[in-house]
Amino acid sequence: MVDLSIVIVNWNTCDLLRACLASIFRHPPRTSFEVIVMDNASSDRSAEMVRGEFPGVRLKINAANLGFAAANNLGSRLAAGRFLLFLNSDTEVHAATLSDALSFMELHPETGVLGCRTLNPDGSRQNSAFAFPTCTRIFAHVSGLSRLGKLPRRREHSRLSHPDYVQGSFFFIRKSAFEQSGGFNEMFFLYGEEVDLCLRLRASGLRVTYVPGLAITHHGGASSMNSPERLGHFVTSCLYLFQEHRSRTQVRRLRRTVRAALAIRLLRELVRSPLDGKKRGHAVRTIVGLMAAGGEPLAARK
């Protein structure tokens, strides 16, 4: 048994994954640890890079893209650590972050999940501790209007707090709690799985804790719903999340909200200058398909 198992799911992020792994070994924890890379059938030679440059990393290559939740669940079954860190491949850990996170969890047994301060590459802060997503917040993301101005801050990020959930890019959890909860819900292919798990852990009596003194850099966090596929996963995950954790009345309200947001998104796609007609056509077809689905989440993603 080791103290910490770091599980990284990768899908075609070879250069970012290299920087992520380098940061771990540049700033390792002051105790025993292992690194497990779960590669979701990448085509960019990520696996060859890991084998050649990081021979100490355990590499598991999946036959297909299993999604974030399923691949992390598989990685957890390979892990020997008392604690698990689910770390995005597009992150870099800062000095002492891993050691201090482990020390905090040792000193605070009431904490089931720990999140940290998350920075953009330019040093500006990303939101990484949140209250349960509201219809207003989901509307802003789905419609694309959140790009026109900053959303209201969801939580104070300068002090230790106990939010509803923390961002999944750095998700530090007790392995015992992860196993007892059943792990990530694999109905979530991308987005929402960390929200669902945090809510289940809170319901079991454990705390979700945000610690601003620990930090990572997250290269992908500044992007929004920047592809039709990601938009589809986000919409479906939000709807499923509400079905699992909110009332029927709130689910119906969210469906109406999503339809209105998708209509605005469609209008924006139709009126903007088509720099790439084929790309715009794909986006329009995806949005129309989501609207035609009537706001119903998919039964399964596999």
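The numbers here are math on the coordinates, done by the rules we state, and not lab data. Quick caveat, the model's predicted, so the values are computed rather than measured. Neighbour counts run over all protein chains shown; Cβ positions are idealised from the backbone, glycine included.
Observations on the structure shown:
- Scanning segment 53-101 for residues that are free of Cβ contacts under 8 Å to residues at least 60 places away in the same chain and of a type in the set (Lys, Arg) yields ARG58, LYS60, ARG77.
- TYR210 being surrounded by 19 or more Cβ atoms within 10 Å (Cβ to Cβ), touching a residue at least 40 places away in the same chain (Cβ under 8 Å), within 30 Å of GLY281 (Cα to Cα) and not charged (D, E, K, R): no
- Considering residues of segment 233-270 that are touching a residue at least 24 places away in the same chain (Cβ under 8 Å) and of a type in the set (Ser, Thr, Tyr) only, the residue surrounded by the fewest Cβ atoms within 10 Å (Cβ to Cβ): THR257
- Elements of type helices (runs of 4 or more DSSP H) contained in segment 9-107, each with 3 or more residues being more than 19 Å from ILE173 (Cβ to Cβ): 14-26, 46-53
- Only one of LEU21, LEU102, LEU87 that is buried (at least 20 other Cβ atoms within 10 Å of the Cβ) and more than 20 Å from GLU194 (Cα to Cα): LEU21
- Residues in segment 110-148 that are in a strand (DSSP E or B) and of a type in the set (Gly, Ala, Ser) were compared, and the one that is surrounded by the most Cβ atoms within 10 Å (Cβ to Cβ) is GLY115.
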